Structures are given as C-alpha cells and as structure tokens.
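Written below as structure tokens is the structure these notes are about.
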Amino acid sequence: MSVTISPSLLSADFLHLEEEIKMVNESAADWLHLDVMDGVFVPNISLGFPMLQQAAKIITKPLDVHLMMVEPQKFIPFFQALGARSLGVHYEACTNLHRVVAAIREAGMKTCVALNPHTPVEALTDILEDTDIALIMSVNPGFGGQQFIPRTTDKIRRLKEMIVARGLKTLIEVDGGVDMERGKRLAEAGADILVAGNFIFNAENPADVIRRMKEEIK
C-alpha cells in the first residue's frame, strides 16, 4: 500500500493559488496540507483566515491542517467550520495538551500532535493513545524549502516501535524537505503520510510528481 501524499500549499504560487489548488484537486494526492503560522510560535506568518476561507471553497481534497501557533485551542471552531479533516497542534505550544487534543476530537476532527526537530519522540508517551496522527518535523518549522534533518529517519523508527509495542493505530506524518528518495526511506522507516512542498510545486509537472510519489513510495 502506498503512503498518503499531502502536498503543502505553503509552497504554491500564491499569485495563481486557484490554479494550484485545482491542480491538487485533480491530482493523485490524498490530502492537501495547510500550514498556518502566527509569527509568534514560528518567525513567519503564512495563510491568513480570510484567505483560508476563500481557498476552502474550491478545495476538494481532505484538509490536513498544521497549526504552528500559540494558543491553538482558540481556533478549533474556525477549522471545524472550515471543514478540516485533521487538526495538528504542536506539543511545544500547548501547556494543557491533553485538553486541546480532546477538544479537537470533540469537534469531530482527527487529532494530530506535531514535534519540532529538537523534541524527542518519547515526549508523546502520555498522549500517543489519544493521537490519530503524530507529525514529525524534519525541518525547523516556519519556512518552506529548508534542508531535511537526517536524524529524522531514526526518530521515525523509534516512534514506529512505540506505536507497534502498544498496539496503537496512530499514523506517522513527516513534514519538511521531503522528496522522492527521502520519501522512500521515510516510508521504509515507518512513515504513513508524507508532506511535500517545494518538491511538488517547483516541479515542471507537479501533478506528475504527485502521481510518481503515489506509485513509487510504498
């Protein structure tokens, strides 16, 4: 079975955003990844709420939302109304993580907990059973186009061992610097979902890249 491919809209051409979204809609992609940044938790600001509301009107793929922001619990109703399939919050940004995850689940969305590169996977020990998706950042969050951090592959292996040992169904998602070859290695290590931005949107034929990722990464 191939992995889930979730193109990151952060790397799209914002001057032609409607065309980029339609390309993903018509492609072999499974989900569409939305990175939402606040300029506080990360040193950048990305897609604002008015833009997200307009984009959501034409997006047909399931929305895979990743909040890189402080106090993400304040915005759960917004993303519920937006129609997000899954909502990811950062371990490092949530003082009361269990409460936030419970609120996401109560809102009818899949729960996702993200870890920065410096945070060990063992930090998920007491939340893993309540987490549908564990998102491992393979770059420092905040900007697209960064270099993949090699030790991420070992983190994926350790996390997969934790999940299997406890008999859980938690999926592993990886975001940052993913291309075809890294994607294959990450899938072999245990990744279930791959977020790819520049590798897809900077390609001459993005839809073909998505198709090849679906076909070649198992």
Can you tell me how many residues in the stretch 105-128 are in contact with a helix residue (DSSP H, G or I) (Cβ under 8 Å, 6 or more places away or on another chain), closer than 19 Å to Asn140 by Cα and part of a loop (DSSP other than H, G, I, E, B)? 4
What number of residues within the stretch 89-99 satisfy the criterion of being part of a helix (DSSP H, G or I) and within 19 Å of Thr170 (Cα to Cα)? 4
Charged (D, E, K, R), surrounded by fewer than 22 Cβ atoms within 10 Å (Cβ to Cβ), in contact with a Gly (Cβ under 9 Å, 6 or more places away or on another chain) and modelled with pLDDT of 95 or more, is that true of Lys160? yes
Out of the residues in the stretch 87-142 meeting the condition of being touching a Gly at 6+ places or on another chain (Cβ under 8 Å) and aliphatic (A, V, I, L, M), tell me which one is modelled with the lowest pLDDT. Val139
Of the residues Ala28, Ala102, which single one is assigned to a loop (DSSP other than H, G, I, E, B), among the small types (Gly, Ala, Ser) and either buried (at least 18 other Cβ atoms within 10 Å of the Cβ) or touching a residue at least 24 places away in the same chain (Cβ under 8 Å) (or both)? Ala28
Within the stretch 54-70, is even one residue among the acidic types (Asp, Glu), at pLDDT 95 or above and farther than 26 Å from Phe14 by Cβ? no
What are the pairs, 6+ residues apart or on separate chains, where a residue within the stretch 163-177 that is under 14 Å from Ala187 (Cα atoms) and touching a residue at least 24 places away in the same chain (Cβ under 8 Å) has its Cβ under 6 Å from a residue that is of a type in the set (Asp, Glu) and not in a strand (DSSP E or B)? Leu171/Asp192; Ile172/Asp192
State yes or no: is Ser86 farther than 19 Å from Leu171 by Cβ, crowded, with 19+ Cβ neighbours inside 10 Å and either of a type in the set (S, T, N, Q) or in contact with a Cys (Cβ under 6 Å, 6 or more places away or on another chain) (or both)? no
Out of all the residues in the stretch 111-129, which are surrounded by 16 or more Cβ atoms within 10 Å (Cβ to Cβ) and closer than 16 Å to Ala165 by Cα? Val121, Leu124, Ile127, Leu128
Counting only residues that are among the basic types (Lys, Arg), give me the helices (runs of 4 or more DSSP H) lying completely in the stretch 157-218 with at least 2 of them. 180-189, 206-216
Quick one: in the stretch 9-19, which of the residues that are within 13 Å of Ala203 (Cβ to Cβ) and under 18 Å from the mean Cα position of the chain (by Cα) is surrounded by the most Cβ atoms within 10 Å (Cβ to Cβ)? Ala12
Looking at the stretch 53-73, which of the residues that are of a type in the set (A, V, I, L, M, F, W, C) and either buried (at least 21 other Cβ atoms within 10 Å of the Cβ) or assigned to a strand (DSSP E or B) (or both) is nearest to the chain's Cα centre (by Cα)? Val65
The conditions are (1) over 17 Å from the mean Cα position of the chain (by Cα); (2) over 23 Å from Ala12 (Cα atoms), and Leu159 fails exactly one of them. Which is it? (1)
Check on Ala84, within 25 Å of Pro62 (Cβ to Cβ), out of contact with any Asp or Glu (no Cβ under 7 Å at 6 or more places or on another chain) and at pLDDT 95 or above: yes
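The values are calculated or read from the model by the stated rules, or taken from the named source; none is laboratory data. Here the structure is a predicted model, which is why all the values come from computation and not from measurement. Positions of Cβ are generated from backbone atoms using ideal geometry, with glycine treated the same way; all protein chains shown enter the neighbour counts.
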